[in-house]
Amino acid sequence: MAGAVLRVTQRQLSQRGRSEAPILLRQMFEPVSCTYTYLLGDRESREAVLIDPVLETAPRDAQLIKELGLRLLYAVNTHCHADHITGSGLLRSLLPGCQSVISSLSGAQADLHIEDGDSIRFGRFALETRASPGHTPGCVTFVLNDQSMAFTGDALLIRGCGRTDFQQGCAKTLYHSVHEKIFTLPGNCLVYPAHDYHGFTVSTVEEERTLNPRLTLSCEEFVKLMDNLNLPKPQQIDFAVPANMRCGVQTSTS
């Protein structure tokens with residue numbers, strides 16, 4: 001269902017008798033671009049971050065944040081997207097005090113620019129920034145400070161990965177990014193991608209390290225595969241990328 005909120009049960013909650021996990025996590029879906037948006041909040045301080053918001057569903061996200069009594073500090077993008085316009089610019093208007101965030105290597109405008117190793121803090125939690133270029137030069141993966149979950153953007157998908165044939169992509173760079181920055185995380189670390197086209201919602205580092213049909217190849221085999229995918233051009237790329245370079249804020253052409 002369009003705009004539906006997918007409620008994620010964390011592994012930490014599976015044991016009987018345990019109290020509610022201190023971190024709040026919601027996974028939302030935008031059906032046109034098959035994009036996942038992630039809301040993370042500290043239940044005590046009520047501070048929150050939103051990862052990869054989409055323009056069309058930003059009002060839904062803002063409403064959920066208000067309903068849950070959270071204060072959104074940051075609207076964060078894992079990279080400059082080509083298949084949708086980010087909602088970070090609109091969220092700055094809908095939720096005053098929210099700041100937009102993106103990698104400095106993306107070349108895009110934002111309130112805050114981050115680099116490899118930077119931390120995004122909200123309450124008692126933090127997201128570590130791990131540069132994971134290859135899909136684009138500015139791609140990053142966000143890892144929760146206890147390494148229990150990673151938000152991999154388009155670098156690592158469930159049983160797949162982002163394409164490397166546009167936006168200065170590089171298959172060899174992507175291969176090394178995933179193997180060195182993501183596959184080195186604990187095996188039980190949950191993997192939350194920016195997209196899924198097959199109905200999956202979450203994986204683990206160990207699953208992808210051993211079962212991902214692309215990234216279990218050698219680097220040479222991976223590069224050859226990625227160079228011969230012959231995928232169609234993303235439908236929204238011509239207007240999504242220019243808008244996303246301005247934090248999702250579109251300017252009038254009249």
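Just one residue in the set D83, D52 is out of contact with any Lys or Arg (no Cβ under 9 Å at 6 or more places or on another chain), open to solvent by less than 60 Å² (accessible area, probe 1.4 Å), more than 16 Å from F125 (Cβ to Cβ) and modelled with pLDDT of 95 or more; that residue is D52. Note on the stretch 116-168: residues that are of a type outside the set (A, V, I, L, M) and in contact with a strand residue (DSSP E or B) (Cβ under 7 Å, 6 or more places away or on another chain) amount to 22. With respect to the conditions (1) within 22 Å of R26 (Cβ to Cβ); (2) out of contact with any Cys (no Cβ under 6 Å at 6 or more places or on another chain), E180 falls short on a single one, namely (1). Out of all the residues in the stretch 185-238, which are in a helix (DSSP H, G or I), β-branched (V, I, T) and in contact with a strand residue (DSSP E or B) (Cβ under 7 Å, 6 or more places away or on another chain)? Matches in the stretch 185-238: V205 only. Candidates are the residues of the stretch 64-88 that are polar (S, T, N, Q) and touching a helix residue (DSSP H, G or I) at 6+ places or on another chain (Cβ under 9 Å); the one that is farthest from V101 (Cα to Cα) is T86.
Taking each residue of the stretch 168-179 that is touching a residue at least 24 places away in the same chain (Cβ under 8 Å) and assigned to a loop (DSSP other than H, G, I, E, B) and looking for partners that are among the charged types (D, E, K, R) and open to solvent by 30 Å² or more (accessible area, probe 1.4 Å) with beta-carbon atoms closer than 7 Å, six or more apart or interchain, yields G169/R163.
Just so you know, in the stretch 92-104 the residues that are over 30 Å from L231 (Cβ atoms) and touching a residue at least 12 places away in the same chain (Cβ under 8 Å) include one that is surrounded by the fewest Cβ atoms within 10 Å (Cβ to Cβ), and it is G97.
Taking the condition farther than 19 Å from I65 by Cα, at pLDDT 95 or above and of a type in the set (V, I, T), does I120 pass? Against the criterion (farther than 19 Å from I65 by Cα, at pLDDT 95 or above and of a type in the set (V, I, T)), I120 does not qualify.
Each residue in the stretch 137-157 was checked for being within 13 Å of the chain's Cα centre (by Cα) and either of a type in the set (V, I, T) or assigned to a loop (DSSP other than H, G, I, E, B) (or both), and 9 pass. Residues in the stretch 56-77 that are assigned to a helix (DSSP H, G or I) and not aliphatic (A, V, I, L, M): E56, T57, P59, R60, D61, Q63, K66, E67. Scanning the stretch 155-168 for residues that are over 11 Å from D196 (Cβ atoms) and modelled with pLDDT of 95 or more, we see that the one that is surrounded by the fewest Cβ atoms within 10 Å (Cβ to Cβ) is R163.
Against the numbered list (1) of a type in the set (D, E, K, R); (2) more than 25 Å from G187 (Cβ to Cβ); (3) surrounded by fewer than 24 Cβ atoms within 10 Å (Cβ to Cβ), D116 comes up short only at (2).
Answer yes or no as to whether S45 is at pLDDT below 95, surrounded by fewer than 17 Cβ atoms within 10 Å (Cβ to Cβ) and not charged (D, E, K, R). No, not satisfied.
Screening E115 against (1) in contact (Cβ under 8 Å) with a residue 24 or more places away in the chain; (2) under 15 Å from N77 (Cβ atoms) leaves a single unmet condition, (1).
The values are calculated or read from the model by the stated rules, or taken from the named source; none is laboratory data. Just so you know, these numbers come straight off a predicted model, no measurement behind them. Methodologically, a virtual Cβ is constructed for each residue, glycine included, from the backbone with ideal geometry; neighbour enumeration extends over all protein chains shown. Remember, those area values only see protein heavy atoms, side chains included, never the ligands or the DNA or RNA. Shrake-Rupley method; radii C 1.70, N 1.55, O 1.52, S 1.80 Å.
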